[in-house]
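The values are calculated or read from the model by the stated rules, or taken from the named source; none is laboratory data. This structure is a prediction, so every number in the text was calculated from the model and none was measured. Because the Cβ atoms are built from the backbone with ideal geometry, glycine has one as well, and the counts that use them run over all protein chains shown.
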Amino acid sequence: MSRLVVVSNRVADPRKTAAGGLAVALAEVLKNTGGLWFGWSGKVIEAEAGGRAGEGQMHRHRAGSVKLLTVDLSREDHATYYLGYANGVLWPVFHYRLDLADFDAGYINGYRRVNQLFAKLLAPLLKPDDLVWVHDYHLVPLASELRALGCQQRVGFFLHIPLPPPMILAAIPGHDWLMRGLCAYNLVGFQSQTDHEHFCRYIEHEAKAQAIGEGRWRVFNRTVQAGAFPIGIDVDEFTALAQARESREMFARMKRDYSVRTLMVGVDRLDYSKGLPQRMRAFRELLHKHPETHKHATLIQIASPSREDVSAYTDILHELESLCGSINGNYGDLEWMPVRYIHRTVARARLPGLYRASRVALVTPLRDGMNLVAKEFIAAQDPEDPGVLVLSRFAGAAEQLPEALLVNPYDTEGTATAIQMALQMPLEERRTRHHALLATCRQFDVHWWCNSFLGALREAQAQESGTPWLRL
């Protein structure tokens, strides 16, 4: 079996699967192949006199049979590669927020430099038959940098966030360079069919790519394969987590403290893509239109801190706090607060109990690659008395989960109506919907995602022998 080499912005210890994320999906195959995981250490260090911090210096660790290799970043590289280009340009544009993008010309140089650094450090470590799996928007040009160093291995890329339509992509200065870099991979995976279609439309119209069947394209004098590989969760692992002590204690506490309330829950990072102000306005509309919800409906909204040194996040924090305060001030009383707003991270082990105690989950991003909270909520439910998922049609999960109540988060009144439907939904309908949703989550779980992508990468056409790849 070929060794798996994972490359991502941050590296996770595959032994600590309770942390979730990529480690859950990749732990088994990394262990089986004695794999390698490479990426940024998370440390930002000052450059030494006459040089750059992190240049050529790797930290080596072992997690069982898996090698973990990390590199530090200089403050300048962190500012340009991570904060500047990855999160100041690609994140907002890929989430359809051109108004929040900072197209500073200097950012792209740092983004390119760090990808070149990663390629230079990784290339000597690769074996001829390795499968290299690169993750997310931080590392789009990595394959082209590896090709420029002569690497011929099969290299796949998975984009965890949405890919916008061609007209939005084209707003990025140098978008053609970025997408050419994406085409240096043997296989490119997306969260949804919609994202896959955006990619195909872009390379067809902007790069004059030629379709050669089965999701394969001839573009930039090479062949690239692309497809949708929607990521899932480990349903059994999350179900077991729901039966663990911390989760059961949380469930019991919620049932005790809110015995006369109907709980709704939202769990998000504090990010402008999550639609939190729109969600609060819809909840306010629910309280306004349906007085019978007063003193009964309580929304627990967890908004974990996220990049609070960026002005856009500070703005949304203030807006969300203002909305929560206004709702509680106008509708609450001494015995009942409509919104319980929590601006901190809640331990993952406690979340299943919170989900299970909630009648409704509000997962209403303005745009999201997938959103695994939706799937975790489904997995945590009691099949005999399940809650209802209210899900944005603009989340990647909506393609897979049509039995949820799908909403347009920009439509305040429509979302409020859907929440009221969820609160009043009869038990039999809740069971029917949950049964179908859980079956989908089980069929397309995180192991399916990992195996299907790697299976496609193994079968993807290798880099054409003798075909030079010029550095972009």
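Six or more apart or on different chains, Cβ under 7 Å: which pairs go from a residue in the stretch 266-290 that's farther than 15 Å from residue 323 by Cα and buried (at least 20 other Cβ atoms within 10 Å of the Cβ) to one that's small (Gly, Ala, Ser) and at pLDDT 95 or above? Could you list them? From the stretch 266-290, the pairs are 268/303.
Among the residues making up the stretch 72-99, a single one is assigned to a helix (DSSP H, G or I) and either among the basic types (Lys, Arg) or not assigned by TED's automatic domain parsing to the domain that holds residue 159 (or both): 75. Residue count for the stretch 422-435, restricted to those that are out of contact with any Ser or Thr (no Cβ under 9 Å at 6 or more places or on another chain), in a helix (DSSP H, G or I), surrounded by 15 or more Cβ atoms within 10 Å (Cβ to Cβ) and of a type in the set (A, V, I, L, M, F, W, C): 1.
Within the stretch 399-408, the set of residues being without any contact (Cβ under 8 Å) to a residue 24 or more places away in the chain and in a loop (DSSP other than H, G, I, E, B) comprises 402, 408. Taking the listed residues 187, 146, 131, 142, the one that is of a type in the set (A, V, I, L, M), assigned by TED's automatic domain parsing to the domain that holds residue 214, closer than 29 Å to residue 393 by Cα and crowded, with 20+ Cβ neighbours inside 10 Å is 187, with no other qualifying. Taken over the stretch 337-349, the criterion of being within 23 Å of residue 259 (Cβ to Cβ) and modelled with pLDDT under 95 is satisfied by 346 alone. Looking at the stretch 154-174, is at least one residue touching a Pro at 6+ places or on another chain (Cβ under 7 Å) and of a type in the set (A, V, I, L, M)? No, there is no match, as no residue in the stretch 154-174 is touching a Pro at 6+ places or on another chain (Cβ under 7 Å) and of a type in the set (A, V, I, L, M).
Among the residues making up the stretch 292-314, those that are at pLDDT below 90 and loosely packed, with under 14 Cβ neighbours inside 10 Å are 308, 309, 311, 314.
Restricting attention to the stretch 24-45, the residues that are in contact with a helix residue (DSSP H, G or I) (Cβ under 6 Å, 6 or more places away or on another chain) and either basic (Lys, Arg) or more than 13 Å from residue 14 (Cα to Cα) (or both) add up to 1.
Mind checking whether some residue in the stretch 409-421 is out of contact with any strand residue (DSSP E or B) (no Cβ under 7 Å at 6 or more places or on another chain), among the aromatic types (Phe, Trp, Tyr) and touching a residue at least 40 places away in the same chain (Cβ under 8 Å)? Within the stretch 409-421 (the criterion being out of contact with any strand residue (DSSP E or B) (no Cβ under 7 Å at 6 or more places or on another chain), among the aromatic types (Phe, Trp, Tyr) and touching a residue at least 40 places away in the same chain (Cβ under 8 Å)), the answer is yes, since at least one residue qualifies. Can you find even one residue in the stretch 35-53 that is surrounded by fewer than 20 Cβ atoms within 10 Å (Cβ to Cβ), within 28 Å of residue 444 (Cα to Cα) and at pLDDT 65 or above? The answer is no, given that none of the residues of the stretch 35-53 is surrounded by fewer than 20 Cβ atoms within 10 Å (Cβ to Cβ), within 28 Å of residue 444 (Cα to Cα) and at pLDDT 65 or above.
Within the stretch 208-229, identify whether any single residue is in a strand (DSSP E or B), assigned by TED's automatic domain parsing to the domain that holds residue 420 and under 27 Å from residue 379 (Cβ atoms), and answer yes or no. Taking every residue of the stretch 208-229 in turn, none turns out to be in a strand (DSSP E or B), assigned by TED's automatic domain parsing to the domain that holds residue 420 and under 27 Å from residue 379 (Cβ atoms). Of the residues contained in the stretch 389-398, none is found to be in contact (Cβ under 8 Å) with a residue 40 or more places away in the chain and of a type in the set (Val, Ile, Thr). Does any residue of the stretch 152-163 turn out to be part of a helix (DSSP H, G or I) and either modelled with pLDDT of 95 or more or of a type in the set (S, T, N, Q) (or both)? Taking every residue of the stretch 152-163 in turn, none turns out to be part of a helix (DSSP H, G or I) and either modelled with pLDDT of 95 or more or of a type in the set (S, T, N, Q) (or both). How many residues does the stretch 98-134 hold that are touching a Cys at 6+ places or on another chain (Cβ under 7 Å) and closer than 22 Å to residue 74 by Cα? So the count comes out to 1.
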